[in-house]
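As structure tokens, the structure follows; a few thoughts come after it.
The values are calculated or read from the model by the stated rules, or taken from the named source; none is laboratory data. Since this is a predicted model, take the numbers as computed values, not measurements. Here the Cβ positions follow ideal geometry from the backbone for every residue, glycine too, while neighbour counts run over all protein chains shown. For accessibility, only protein heavy atoms count, side chains too; no ligands or nucleic acids. Shrake-Rupley method; radii C 1.70, N 1.55, O 1.52, S 1.80 Å.
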Amino acid sequence: MTDRPHAAAPAELEAALESDLVHGLTASEAERRLQLYGPNAPERRRRPPYLRLALNQLVDPLVLLLVAASIVSVAIGDTVEGIAIAAILVVNGALGFWQEAGAERAILALSQAFTKTALVVRDGVAAELPGDLVVPGDLLIVREGDRVAADARLVEASAVEVDESALTGESLPVEKQVEAVGASTPLAERASMLFAGTAVTRGRGRALVYATGSRTEMGSIEVLAARAKAPPTPLTRRLGRLARQMVALGVAITIVLGALILLRGGAWDEAFLTSVAVAVAAVPEGLAAIVTAALAFGARAMARRGALVRRLAAIETLGETTVICTDKTGTLTENEIRVAALRTADGVEERALLEAAALACGADWTGDHVVGDPIEKGLVLAAMERGISPKELSGRYEPVGELPFSSERKLMSRIYALDGGRRLFMKGAPETVAALAPRRPAELLAAASSWAAEGLRVLAVATRALGPEAETGADVEHDVVPLGVIALHDPLRASAAPAVEDARAAGIEVRMVTGDHPATAQTIGHALGLEPEAILARAAPADKLALVEELQGLGEVVAVTGDGVNDAPALRRADVGVAMGRGGTEAAREAAGIVLTDDDFATIVAAVAEGRRIGDNIRKFVAFLLSANFGEVLVFALAIGVGLGAPLAVIQILIVNLLTDGLPALALARDPAGPETMRSPPRRGRELFDRRGWWTLFWVGILVGAVTFAAFAIGRAMEGDLEQTMAFATLAFAELALVYGMRSNSAAAWQAPRNSWLDASVLSSAALVVAVVYVPGAGSAFAATPLGVGPAAVVLALALVPLVAIELLKAYRRSRGPTGSAPPQPVAPAPARLPSSPSASAASRWTPRRVSE
């Protein structure tokens, strides 16, 4: 019976677990079971394998090439170059190690779902014990406000209701019962069960523990989360593919040029030095650091919008998201129970109905603060929003008795002394309350039935005048006068529907995945304009995980949003997980790459826009760096191919790649977003650039290499060993000018929005080049010679050629029209609103304002 305790009678489970429904386990038997089953806590994962994570930073092809270049540089005596390359490797490796080690902590937060203490019957005596000492067979006592310590079968219940939203996604508290349910009943509907980590919101009961630790439902989620590993991000895959291509090209060119030098009679050390120079020229050493810094800039911008980034790669991934699988409770909705609609009986005012509903509640509502059961809290807040004062009611009504709610009675009543008599106020299930009235209120029951079909929780409210000496027992609950019916729900966030519309207009599919009831999910989905096939209700953690994996298998980039422990596996497996920071669980936050501080779905859409901006900017500066590196390799190939020797020293290449290129590339990360950012579909494809992008990069690199070689050749014809200095200065200034042309594929450089960071970086880099060339003493360190007016003029003239050429090409493209632009995306239809009930004309619906709690 322990494999389906929800379907077993308490006595059957008592026998199967060899326990006692009255006295519980003996202390000695509990100790034996603790040794057998282990503590009631999730299995602790070991600390992250730091050595393996560190070694992971060395398996990248670009990194291996730079390691070899550093070693060779030191071996042949170029210590400065070798140390500089090694320093770059250390910085990049440390950044990668920090990110991977942080990600390994995600699973540890699941331990927060387990309670710290528990009230357990041992040897017939109730005692409070540390939660990790609870064992299968223990008799657990639960009360309002408790967090359940383990998975247990109810054997005694008095009006028990439990908040299971963190586990199942059910937004409303769930009524519990002792009676068994069917063996195939879904998890969220197992009314005879209590689950570890859920919160008791009402009542009192006893339950027989049948599963602890990793064998609980929370524990099964831990297993799923441990198995779920996020795939490499699109950026990581593309940069990795690019790195392999660059390494292959760089190694091939290095071998060919080294062999050519040796065949011409050159010395081995010359061949090595030249090979190192070409390897350094082929690799954009600062690329990894610049990408990391660009993502960090994006993280700061997203934080200002309410999205905290835990894993930097999630920024660019979010920008490429094609599907958002969003939780409902707490993400699209407020995760707070509020009045959705009400209908009064003939002759009854709304204020009177709400006043009676508040008086039928046991919630504490002194001042502006409301404490109690979520449903009662919602009723009281609705009364307060209509101007009903707690102070006024307490002055008029003196409580003298209460008939508490129970799952069998399905109603509760409170009795007050009033004007020399007594009055009963009742709330409960509409059918139950109607059965206690002299005349069946058909119109109220019709409204209640309609609202229930929409997934709303419906209560009926009634009253009865009593004599001054009336008893307060259950025999007074008859001949009541129905006042009306009230529907409650977890309201949709005001920003949710517009945000879903914005996401769909940007070409992103939105799917709602929730553990809530299908009727509730359909109602919310309809209000958001989602098609039924985009809605998955009663989804267990394994279902959410399977959906994410299925979508990823179809080539989709999947973002998952959620706030509960049940969302942790899908959040961890998604391309990017987005957790709620205000109302979400620690497990969800640790499993996610991005945490929203305002729990607002609209913030996700704003974060997508920021992610797209960062992604676009990354492609800009990668194109800029690659065209520069291609130009450097080309100039080496030309110079060595015609027998003129190395055109630049290794230290000069490092200066260009890290400083004169690196600073402007970093500034490109701050470029503002274009107007088309959220009007075009998500970018797809395995490569970082499309064919047109690669072609542009290729011929721009040819231009950079050609003007650099021209400067080198002209310098050789002049006196004073100016060739390497002229090549270095021309290469640096050509790229500093070119960066402005790389900001847009179509707009002219002078038409792009101003980027003051870019202006400052270009001026700084230009000043650095001038200092290297002209500051006394710098020449010997950087293999540079001061240039006169004539050589300097040649350098500046040649350096402008690539920029002029790319601007002419863009002007030609503009003259032909936007043939290469993406077609406009269809705008998502306006979302439908909550459907009206058949009796809407007699019912009142409103969106209550929030009240300070």
Exercise. In nm, what is the difference between 0.36 nm times the number of residues separating L119 and E469 and their Cα-Cα distance?
Worked result: 122.0 nm
For this session: Report, by chain and number, residues whose modeled amide H sits under 5 Å from the one on S413, excluding near sequence neighbours (fewer than 5 apart, same chain).
Result: L403
Problem set entry | Cα-based helix-to-principal-axis angle, 801-815 vs the chain, degrees rounded to 10 | 50 degrees
Exercise. Mind listing which GluC sites (Glu not before Pro) in the stretch 146-206 are in a DSSP loop and have 13 or fewer other Cβ atoms within 10 Å?
Worked result: E179
Problem set entry | Centre separation in Å (Cα based) which lies between the stretch 629-644 and the stretch 646-685 | 23 Å
Exercise. Under the Karplus relation 6.51 cos²θ - 1.76 cosθ + 1.60, θ = phi - 60°, what is the ordered set of whole-Hz ³J(HN,Hα) values for the stretch 545-560, x standing for Gly and Pro?
Worked result: 4, 5, 5, 4, 5, 5, 5, 5, x, 8, x, 7, 9, 10, 9, 10
For this session: Order the following by accessible area, largest value first: R244, R457. Probe radius 1.4 Å; ligands, DNA and RNA are ignored.
Result: R244, R457
Seminar exercise, completed: For Kirkwood radius over Cα pairs in Å the list reads (i) 32.8; (ii) 28.8; (iii) 31.3; the calculated value is entry (iii)
Seminar exercise, completed: Taking K810, K229, K377 and ranking on accessible area (1.4 Å, protein atoms only), highest first, one gets K229, K377, K810
Exercise. Considering only protein heavy atoms, what per residue accessible area in square angstrom results for the stretch 534-668 with a 1.4 angstrom probe?
Worked result: 22 Å²
Seminar exercise, completed: Between the alpha carbon centres of the stretch 302-324 and the stretch 342-418 the gap in Å comes to 44 Å
For this session: Could you look at the stretch 280-349 and say what percent of its accessible area is carbon and sulfur, using a 1.4 Å probe and all protein chains?
Result: 48 percent
Problem set entry | Accessible surface, per residue, of the stretch 333-384 when the full set of protein chains is kept, probe 1.4 Å, Å² | 33 Å²
Problem set entry | Residue-wise HN-Hα coupling along the stretch 147-153, computed from phi with Karplus coefficients 6.51, -1.76, 1.60 (Hz; x: Gly, Pro) | 9, 5, 7, 7, 6, 8, 9
Problem set entry | Signed unit charges on C-beta, dipole axis of the chain, positive-most listed residue L262, C325, V162 | L262
Exercise. If packing is taken as the mean number of other Cβ atoms within 10 Å per residue, what is the order of 667-676, 506-515, highest first?
Worked result: 506-515, 667-676
For this session: Taking the chain as the reference, fit the longest principal axis to its C-alpha atoms, fit the long axis of helix 601-641 to the helix C-alpha atoms, and give the angle between the two in degrees, 0 to 90, nearest 10.
Result: 20 degrees
Problem set entry | Relative contact order (%) - criterion: Cα under 8 Å, at least six apart; region: the chain | 14 percent
Problem set entry | Residue-count net charge about T26 - beta-carbon cut-off 10 Å; Lys, Arg +1, Asp, Glu -1 | -2
Exercise. What order do Y812, Y740 take when sorted by accessible area (1.4 Å probe), most exposed first?
Worked result: Y812, Y740
Seminar exercise, completed: With label points set 7 Å from each Cα along the Cα-to-Cβ direction at A766 and A778, the distance between them in nm comes to 1.5 nm
Problem set entry | Difference of contour (0.36 nm per residue) and Cα-Cα distance, F698 to A797 | 33.5 nm
Seminar exercise, completed: Once A752 and E533 are pulled to full extension, the length gained, defined as 0.36 nm per residue separation minus their Cα-Cα distance, is 74.6 nm
For this session: Would you mind working out the magnitude of the charge dipole of the chain relative to its Cα centre, with +1 at each Lys and Arg C-beta and -1 at each Asp and Glu C-beta, to the nearest 20 Debye?
Result: 2280 debye
Problem set entry | Estimated FRET transfer efficiency when R0 is 56 angstrom, pair T236-R440 (beta carbons, to 0.05) | 0.25
Exercise. Excluding ligands and nucleic acids, what accessible area in Å² is computed for T677 using a 1.4 Å probe, to the nearest 10?
Worked result: 10 Å²
Exercise. Under a plain spin-label model, where a point goes 7 Å from the Cα along Cα-to-Cβ, how far apart in nm are L809 and T597?
Worked result: 4.3 nm
For this session: Using only Cα atoms, find the angle between the long axis of helix 374-385 and the longest principal axis of the chain, and express it within 0 to 90 degrees, rounded to the nearest 10.
Result: 90 degrees
Problem set entry | Computed accessible area, E501, all protein chains, 1.4 angstrom probe, square angstrom | 60 Å²
Exercise. Relative contact order for the stretch 707-814 using alpha-carbon pairs under 8 Å, separation at least 6, rounded to a whole percent?
Worked result: 38 percent
Exercise. Of the accessible area of the stretch 373-440, with the probe set at 1.4 angstrom, what percent is carbon plus sulfur?
Worked result: 51 percent
Exercise. For the stretch 366-431, with only Lys/Arg (+1) and Asp/Glu (-1) charged at the beta-carbon, what is the dipole magnitude about the Cα centre, in debye rounded to 20?
Worked result: 140 debye
Exercise. Hey, if you put +1 on the Cβ of every Lys and Arg and -1 on every Asp and Glu Cβ in the chain, which of V142, T274, P518 ends up farthest toward the positive end of that dipole?
Worked result: T274
Exercise. How large is ³J(HN,Hα), in whole Hz, for each residue of the stretch 746-751 in order, when computed from phi with the Karplus curve 6.51 cos²θ - 1.76 cosθ + 1.60 and θ = phi - 60°, using x for Gly and Pro?
Worked result: 10, 6, 5, 4, 7, 9
For this session: May I ask you to order 629-636, 759-766 by the average number of other C-beta atoms within 10 Å around their residues, highest value first?
Result: 629-636, 759-766
For this session: Give the long-range amide H neighbours of A157: residues separated by 5 or more places, or on another chain, with amide H under 5 Å away, using H modelled in the peptide plane at 1.01 Å from N.
Result: R206
Problem set entry | Amide H contacts of N335 (H built 1.01 Å from N, under 5 Å, at least 5 apart or other chain) | G330
Exercise. Which distance in nm do the two modelled labels at V67 and V22 give, with both placed 7 Å along the Cα-to-Cβ direction?
Worked result: 7.2 nm
Seminar exercise, completed: In the stretch 627-755 the accessible area split gives carbon plus sulfur, as whole percent at 1.4 Å, a share of 61 percent
Exercise. Can you give the accessible area per residue of the stretch 192-330, in Å², using a 1.4 Å probe?
Worked result: 34 Å²
For this session: Among A711, A127, L25, flag the residue with its Cα farthest along the positive direction of the charge dipole of the chain, charges on Cβ as +1 for Lys/Arg and -1 for Asp/Glu.
Result: A711
